Amino acid sequence: MGEMETAPKPGRDVPPKKDKLQTKRKAQDPFPGPAPVPVEVVQKFCRIDKSRKLPRSKAKTRSRLEVAEAEEEETSIKAARSELLLAEEPGFLEGEDGEDTAKICQADIVEAVDIASAAKHFDLNLRQFGPYRLNYSRTGRHLAFGGRRGHVAALDWVTKKLMCEINVMEAVRDIRFLHSEALLAVAQNRWLHIYDNQGIELHCIRRCDRVTRLEFLPFHFLLATASETGFLTYLDVSVGKIVAALNARAGRLDVMSQNPYNAVIHLGHSNGTVSLWSPAMKEPLAKILCHRGGVRAVAVDSTGTYMATSGLDHQLKIFDLRGTYQPLSTRTLPHGAGHLAFSQRGLLVAGMGDVVNIWAGQGKGSPPSLEQPYLTHRLSGPVHGLQFCPFEDVLGVGHSGGVTSMLVPGAGEPNFDGLESNPYRSRKQRQEWEVKALLEKVPAELICLDPRALAEVDVISLEQGKKERIERLGYDPQGYDPEAKAPFQPKPKQKGRSSTASLVKRKRKVMDEEHRDKVRQSLQQQQQQQQQKEAKAKSTGARPSALDRFVR
Amino acid sequence: RRWAELVPESSWSPAVGASKMKVKMLSRNPDNYVRETKLDLQRVPRNYDPTLHPFEVPREYVRALNATKLERVFAKPFLASLDGHRDGVNCLAKHPKNLATILSGACDGEVRIWNLTQRNCIRTIQAHEGFVRGICTRFCGTSFFTVGDDKTVKQWKMDGPGYGEEEEPLHTILGKTVYTGIDHHWKEAVFATCGQQVDIWDEQRTNPICSMTWGFDSISSVKFNPVETFLLGSCASDRNIVLYDMRQATPLKKVILDMRTNTICWNPMEAFIFTAANEDYNLYTFDMRALDTPVMVHMDHVSAVLDVDYSPTGKEFVSASFDKSIRIFPVDKSRSREVYHTKRMQHVICVKWTSDSKYIMCGSDEMNIRLWKANASEKLGVLTSREKAAKDYNQKLKEKFQHYPHIKRIARHRHLPKSIYSQIQEQRIMKEARRRKEVNRIKHSKPGSVPIVSEKKKHIVAVVK
């Protein structure tokens, strides 16, 4: 800190001049205080919703909450500062002088980019075994694809090392990795089969028959299957039990997607609605009317804020899921989009026939703007499966000519968390992660629209419980209610005063007394209400109007 | 609408615009993410963005549930039983400098010194004829004092007798009446005994410096305050607790309770707080500045509470009761957090919390001293840094989710012997009946005529200054 040189006061001695050395030694810090942190980054780490009012609580609870809020502010600032340590930057693609990036083709990108990234673009020509559906594992390191005529393969697509390649001799409708690259679920023509990554068949689940779509909920270890019979079945793969088999009552189910934010399954129906399902409830959590015709594809982004749907009416709509469930933007397409997918950074891809279009938004939090596509690409056959590779700038497309891996700069999340999904994990790390993930497997009953619902103050159930107890028992055995009255039991008296008739008479007397009290009370309440109304009527409107007679 | 933009031309020449675009792909160098040799640590980059860590609250809840269950699985508090006394253990004392040494006095006059790490008896002294009523160590740890039914106060050396020497007390004081308790000053060479009155003695003298009394009945125990070292508290048979000031040699004030207090113990961290173990199955924590209401009433025992001792942290205390159990209570809660019992342990007469706040020892009627862990599921010994971090994390999780019904149910669950369990049910019914009677009395009388007394004030009869 610099020295404070006080000016000599009038009439006092001039203080001795300071040594020149002293003034040189202490230099001013040009940026005093801690480094500033951008507010949006701090907001990202805040979990407490300060606008919600809590019910009135004791002083001790309130002081504890204040301490917790102060702590949260401090920790969110520290977390925001730690963002400096993130090593990677996301990719980008900019045309020169505002050129349309959609005109840039894949070959140009491959030429312009470094050799490691160029190797990520490949085309597998597999015309023999039918249109392909594909799935990337959760870390983005492994790819599994299955062709309609039974060809199933799993490989590490970065090193191009094949893990297994088999033909299951049956039509393959969908394929998913389970929690790690060790297990594959294949929805075959008749039943659901589980394979090892070496191609060994482990299970054949006959309760899941004629499955059209599969979705794996990674934190609950649940495999959701949508079948032609109209059933949505949840299979817990850690214990091997069917947790719920829900009848969607909407005919054949072949449009399914999961919301990664709250593990709710979105089913698209032929009457234009999208219904939201949780294994805990027999009825859908919500039903959203999206399109005029049938819904052909649904996708939800990774933060659970936006849902993209496309329908037979050739519309592509983006809905707001956290709040109003209203469409934010709409786009008419020349050809209906049969497949939709979101990337980790909010890019939306639509597969329309043999063309894929990718739309991008402004930043990570905003919805993709559907005005101008970001990139387009034509494939050698109609598209049957789409997925962005997690943590990479790559889009995998399964089509009738095989499997293509496209480069999409800016699609993948650059900085992964090593303890959640680490594409570079070793065998030991994978084993440790698997054990921990199984230990903290979330029970299926906790799936609901708001995943933070468990952290709320449970005011309603306290009061509801009390009401229910009073209904059932006439009084609340757990609560001390000084006003609550036990039903009147007349005391047995001597000398013939305890005959049935006199007991009934005594009971009647007490009941009538109570009835009179109640009537008196309700009359008083009515009078009060009338007075309030008159007061209101008098305060509003100084001049009487002809319509006043219709005011209730 | 420009449909054309959606369908790219595959025959466009790559030279148009391609060379002038700016493109960068996300490309990681594996050298930054994979370790070089097997001897290195694995690299684990972290990103704390909440979107990468979905389902925080449910996952934490499941972890808290697992932590609570594991705590119950690993809850094995019993460590050792020290065998050797030939009659019930009447009193225990801790060595002030050495964690491993404890002293115990039995009902046949025998005093034994034990080593807790080797779990054996290192010295036996036939100190008195009759009960050893009290035992206390000097603050420097070189000697200890005992009082017995033979009206004597004896001072002994802490180190054993040398080769060829007899076991002799350093000093013997013959009194006129039976002494029932003794406690030594925490800093000076002064000790206090109680019997018919409270006597303060100087170690060099054979007569007490002063005798204080207030009331007509015998006094069962006396304790010096560890923080404000001139204060003493004592419990008398006429149901009162008297506080004395040594400097003025007068009693300060007293509080009269419903039933007799067996012992008191001062909080080693708060100068003015003490806890009294009462015959009416409760413990009362008092603030000595305001004796008219106890700070907290601790109710969980089903029989008379015989002894109480504070943890050195001052946050918890342990109580020994005539129902054959010991309970650990937090200072600010009215219910116990832990109960220890064994089939072999009969009425527990004395209890002590060791000075490193990790162990509890209790002496009981059946001649054994038992050693327990203060935290039943704690892992003893040196923990690695990972173990410590996991333990702290689990502790915080259990604290955060302690109010959720499933977790609360598991954390609260303790096995109780049938006698205590059935007594608890019976006493609950009795208390409920009494409460209902009170409520009805208030309901059916003129409002204000029946005073509503809080549970805390119910047990205090009077405070006298």
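Rundown of residues vs (1) at negative phi; (2) at pLDDT 95 or above; (3) in a loop (DSSP other than H, G, I, E, B); (4) facing another protein chain (nearest Cβ under 7 Å), yes/no style:
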position	(1), (2), (3), (4)
B:Gly17	no, no, no, yes
B:Val23	yes, no, no, yes
B:Asp31	yes, no, no, no
B:Lys38	yes, no, yes, no
B:Pro58	yes, yes, no, yes
B:Arg63	yes, yes, no, yes
B:Leu70	yes, yes, no, no
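Could you please give the count of residues in the stretch A:277-287 that are part of a strand (DSSP E or B), surrounded by fewer than 22 Cβ atoms within 10 Å (Cβ to Cβ) and not charged (D, E, K, R)?
Within the stretch A:277-287, residues that are part of a strand (DSSP E or B), surrounded by fewer than 22 Cβ atoms within 10 Å (Cβ to Cβ) and not charged (D, E, K, R) number 1.
Return the total of residues in the stretch A:184-219 being within 19 Å of A:Arg133 (Cβ to Cβ), without any contact (Cβ under 8 Å) to a residue 24 or more places away in the chain and part of a loop (DSSP other than H, G, I, E, B).
Residues flagged as within 19 Å of A:Arg133 (Cβ to Cβ), without any contact (Cβ under 8 Å) to a residue 24 or more places away in the chain and part of a loop (DSSP other than H, G, I, E, B) within the stretch A:184-219 amount to 3.
Restricting the stretch A:101-126 to residues that are within 32 Å of the chain's Cα centre (by Cα) and part of a loop (DSSP other than H, G, I, E, B), which is farthest from the other protein chains (Cβ to nearest Cβ)?
So, considering only residues that are within 32 Å of the chain's Cα centre (by Cα) and part of a loop (DSSP other than H, G, I, E, B), the one farthest from the other protein chains (Cβ to nearest Cβ) is A:His121.
Of all the residues that make up the stretch B:210-223, how many are in contact (Cβ under 8 Å) with a residue 40 or more places away in the chain and outside any strand (DSSP E or B)?
Of the residues in the stretch B:210-223, 1 are in contact (Cβ under 8 Å) with a residue 40 or more places away in the chain and outside any strand (DSSP E or B).
Across the stretch A:128-183, what is the number of residues that are without any contact (Cβ under 8 Å) to a residue 24 or more places away in the chain and polar (S, T, N, Q)?
Final tally of qualifying residues: 2.
Which of (1) part of a loop (DSSP other than H, G, I, E, B); (2) small (Gly, Ala, Ser); (3) surrounded by 20 or more Cβ atoms within 10 Å (Cβ to Cβ) does A:Ser310 not meet, given it meets every other one?
Result: A:Ser310 passes all but (1).
Among what's in the stretch A:263-301 and is touching a residue at least 60 places away in the same chain (Cβ under 8 Å) and more than 14 Å from every other protein chain (Cβ to nearest Cβ), pick the residue that is farthest from A:Thr330 (Cα to Cα).
A:Leu285
Mind counting the residues in the stretch A:61-100 that are part of a helix (DSSP H, G or I), of a type outside the set (A, V, I, L, M, F, W, C) and at pLDDT 85 or above?
Here the count works out to 15.
Do we find that A:Arg138 is touching a strand residue (DSSP E or B) at 6+ places or on another chain (Cβ under 6 Å) and under 27 Å from A:Ala360 (Cβ atoms) in this structure?
The answer is no for A:Arg138.
Name the single residue that is surrounded by the fewest Cβ atoms within 10 Å (Cβ to Cβ) among those in the stretch A:321-344 being within 22 Å of A:Cys105 (Cβ to Cβ) and within 11 Å of chain B (Cβ to nearest Cβ).
My answer is A:Pro334.
Anything in the stretch A:376-408 that is in contact with a Lys or Arg (Cβ under 7 Å, 6 or more places away or on another chain) and under 18 Å from A:Ala102 (Cα atoms)? List them, or say none.
Within the stretch A:376-408, A:Val394, A:Ser405, A:Leu407 meet the criteria.
On the phi > 0 side of the Ramachandran plot and in contact (Cβ under 8 Å) with a residue 60 or more places away in the chain - does that describe any residue in the stretch A:421-439?
no
Hey, does the stretch A:357-364 have a residue that's closer than 26 Å to A:Ala153 by Cβ and buried (at least 22 other Cβ atoms within 10 Å of the Cβ)?
Checking the stretch A:357-364: at least one residue is closer than 26 Å to A:Ala153 by Cβ and buried (at least 22 other Cβ atoms within 10 Å of the Cβ).
When the stretch A:35-60 is examined, which residues are found to be in contact (Cβ under 8 Å) with a residue 24 or more places away in the chain, under 20 Å from A:Arg452 (Cβ atoms) and either in contact with a Cys (Cβ under 6 Å, 6 or more places away or on another chain) or part of a loop (DSSP other than H, G, I, E, B) (or both)?
Matches in the stretch A:35-60: A:Phe45, A:Cys46, A:Arg47, A:Ile48, A:Leu54, A:Pro55.
Could you pull out the residue among B:Ala320, B:Ala276, B:Ala290 that is more than 26 Å from B:Met345 (Cα to Cα) and among the aliphatic types (A, V, I, L, M)?
It is B:Ala290.
How many of the residues making up the stretch B:194-233 are out of contact with any strand residue (DSSP E or B) (no Cβ under 8 Å at 6 or more places or on another chain) and hydrophobic (A, V, I, L, M, F, W, C)?
Count: 1.
Can you tell me which residue within the stretch A:346-356, out of those that are part of a loop (DSSP other than H, G, I, E, B) and buried (at least 23 other Cβ atoms within 10 Å of the Cβ), is farthest from the other protein chains (Cβ to nearest Cβ)?
The extreme case among them is A:Leu347.
On the given criteria, is A:Phe45 among the aromatic types (Phe, Trp, Tyr) and either more than 14 Å from every other protein chain (Cβ to nearest Cβ) or farther than 17 Å from B:Pro50 by Cβ (or both)?
Criteria not met by A:Phe45.
All but one of (1) in contact with a Phe, Trp or Tyr (Cβ under 7 Å, 6 or more places away or on another chain); (2) in a helix (DSSP H, G or I); (3) polar (S, T, N, Q) hold for A:Asn135; which doesn't?
Unmet for A:Asn135, out of (1) in contact with a Phe, Trp or Tyr (Cβ under 7 Å, 6 or more places away or on another chain); (2) in a helix (DSSP H, G or I); (3) polar (S, T, N, Q): (2).
For a quick check of your reading of the model, give me the residue pairs whose first member lies in the stretch B:71-97 and is more than 18 Å from B:Ile122 (Cα to Cα), whose second is of a type in the set (Val, Ile, Thr) and at pLDDT 95 or above, with beta-carbon atoms closer than 7 Å and at least 6 apart or on different chains.
B:Arg72/B:Ile410; B:Phe78/B:Thr342; B:Gly88/B:Ile349; B:Asn90/B:Val132; B:Asn90/B:Ile349
Determine the pairs where a residue that is within 16 Å of B:His444 (Cβ to Cβ) and within 14 Å of chain B (Cβ to nearest Cβ), located within the stretch A:480-504, has a partner that is assigned to a loop (DSSP other than H, G, I, E, B) and at pLDDT below 85 with Cβ atoms under 7 Å apart, the partner being 6 or more residues away or on another chain.
Short answer, once both residue conditions are applied: A:Ala484/A:Tyr475; A:Ala484/A:Asp476; A:Ala486/A:Tyr475.
Yes/no matrix, rows are residues, columns are (1) over 30 Å from A:Ala153 (Cα atoms); (2) of a type in the set (A, V, I, L, M, F, W, C):
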{"position": "A:Arg64", "(1), (2)": "yes, no"}
{"position": "A:Ile77", "(1), (2)": "yes, yes"}
{"position": "A:Gly95", "(1), (2)": "yes, no"}
{"position": "A:Asp100", "(1), (2)": "yes, no"}
{"position": "A:Ile109", "(1), (2)": "no, yes"}
{"position": "A:Ala116", "(1), (2)": "no, yes"}
{"position": "A:Lys120", "(1), (2)": "no, no"}
{"position": "A:Phe129", "(1), (2)": "no, yes"}
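Given A:Glu392, A:Glu432, which one is surrounded by fewer than 16 Cβ atoms within 10 Å (Cβ to Cβ) and more than 20 Å from the chain's Cα centre (by Cα)?
Step by step, each of A:Glu392, A:Glu432 is checked, and only A:Glu432 is surrounded by fewer than 16 Cβ atoms within 10 Å (Cβ to Cβ) and more than 20 Å from the chain's Cα centre (by Cα).
Going through the stretch B:323-369 one residue at a time, which ones are touching an Asp or Glu at 6+ places or on another chain (Cβ under 6 Å) and farther than 21 Å from B:Ile135 by Cα?
Within the stretch B:323-369, B:Arg327, B:Ile328, B:Pro330, B:Arg335, B:Ser336, B:Gln346 qualify.
Only one of B:Lys176, B:Lys157, B:Lys223 is at pLDDT 95 or above, of a type in the set (Lys, Arg) and on the phi < 0 side of the Ramachandran plot; which?
Residue meeting the stated conditions: B:Lys223.
For A:Phe129, indicate whether it is under 15 Å from A:Val403 (Cα atoms), of a type outside the set (Lys, Arg) and in a loop (DSSP other than H, G, I, E, B).
Here the answer is yes, as A:Phe129 does meet what is asked.
The values are calculated or read from the model by the stated rules, or taken from the named source; none is laboratory data. Small disclaimer: the values here were computed from a predicted structure and weren't measured. Please note: Cβ atoms are built from the backbone with ideal geometry, for glycine as well, and neighbour counts cover all protein chains shown.
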